[in-house]
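First the structure, in the form of structure tokens, and then the observations on it.
Only the coordinates and a few stated rules stand behind these numbers; no lab work does. All values derive from a computational prediction rather than experimental measurement. Cβ atoms come from the backbone with ideal geometry, glycine included; neighbour counts cover every protein chain shown.
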Amino acid sequence: MAMAAQGLPRNAGRVLGALLVADPPERTAEELAEQLQASRGSISTMTRLLEGVGILARVSKPGDRRHYYRARRGGLAAATVQRVRGMRQMTDLLAQGLRLLDDAPPDSRRALEEMHDFYAYWSDETLRFAEDYLARIATTSSPADSAGDED
């Protein structure tokens with residue numbers, strides 16, 4: 001349910017949850033499908049989605065042709081940075097709207113200005129926070145944290 005509140009499918013949350021507690025930390029799609037009692041197609045879709053937003057990493061193991069997945073260190077912060085960049089597109093769109101209303105009375109512009117200011121402030125502060133967090137964990141990472149990433 002928590003992932004659904006973030007705009008991601010419920011099964012994405014199940015996949016991420018399984019990988020967050022996995023020991024060893026990597027699982028194949030087949031292993032995830034069996035563990036979660038979900039279809040191979042659903043697991044494939046969810047791992048692609050989570051990998052695409054930066055929350056999961058696809059890793060390989062020497063001598064093994066299968067793909068393994070694991071939760072990426074700093075993945076949530078990286079996904080947040082990606083999401084903020086999308087929110088900046090909204091800020092740009094709102095700024096265009098404000099330019100169209102340059103000559104409009106202040107009351108006509110107020111709601112649009114407030115929305116623009118909120119998105120601008122939110123995206124700036126969230127991006128700063130996420131980038132600071134990524135920099136902080138980069139100073140404490142070990143070579144094993146990124147070993148095997150295929151990106």
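Gap in Å between the Cα centre of the stretch 91-111 and the Cα centre of the stretch 35-62?
Cα centroid to Cα centroid, the span is 43 Å.
Rounded to the nearest 20 debye, what is the charge dipole size of the chain about its Cα centre when +1 sits on each Lys and Arg Cβ and -1 on each Asp and Glu Cβ?
Here the size comes out at about 560 debye.
Which listed residue (Val81, His116, Ile137) has the Cα farthest towards the positive end of the charge dipole for the stretch 75-140, taking +1 on Lys and Arg C-beta and -1 on Asp and Glu C-beta about the Cα centre?
Toward the positive end, the furthest listed residue is Ile137.
With each run of n ≥ 4 DSSP H residues scored as -39500 (n - 2.57), what mean residue ellipticity at 222 nm is computed for the chain after dividing by its residue count and rounding to the nearest 500 deg cm²/dmol?
Here the helix-only value at 222 nm equals -21000 deg cm²/dmol.
Work out the charge dipole of the stretch 1-131 with +1 on the Cβ of Lys and Arg and -1 on the Cβ of Asp and Glu about the Cα centre, then indicate which of Gln35, Pro9, Ala57 is farthest towards its positive end.
Gln35
Round to the nearest 0.05 the FRET efficiency obtained for Gln35 and Thr140 when R0 = 30 Å and r is the Cβ-Cβ distance.
Calculated value: 0.50.
Which of the peptides 62-74, 6-18, 46-58 is most tightly packed, and how do the rest follow, going by the mean number of other Cβ atoms within 10 Å of each residue?
46-58, 6-18, 62-74
Considering just Cα atoms, how many Å³ per residue does the convex hull of the chain enclose?
In the chain, the Cα convex hull volume per residue is 135 Å³.
Can you work out the FRET efficiency for the pair Thr28 and Tyr121, with r the C-beta to C-beta distance and R0 = 35 Å, to the nearest 0.05?
Efficiency, from the Cβ-Cβ distance: 0.25.
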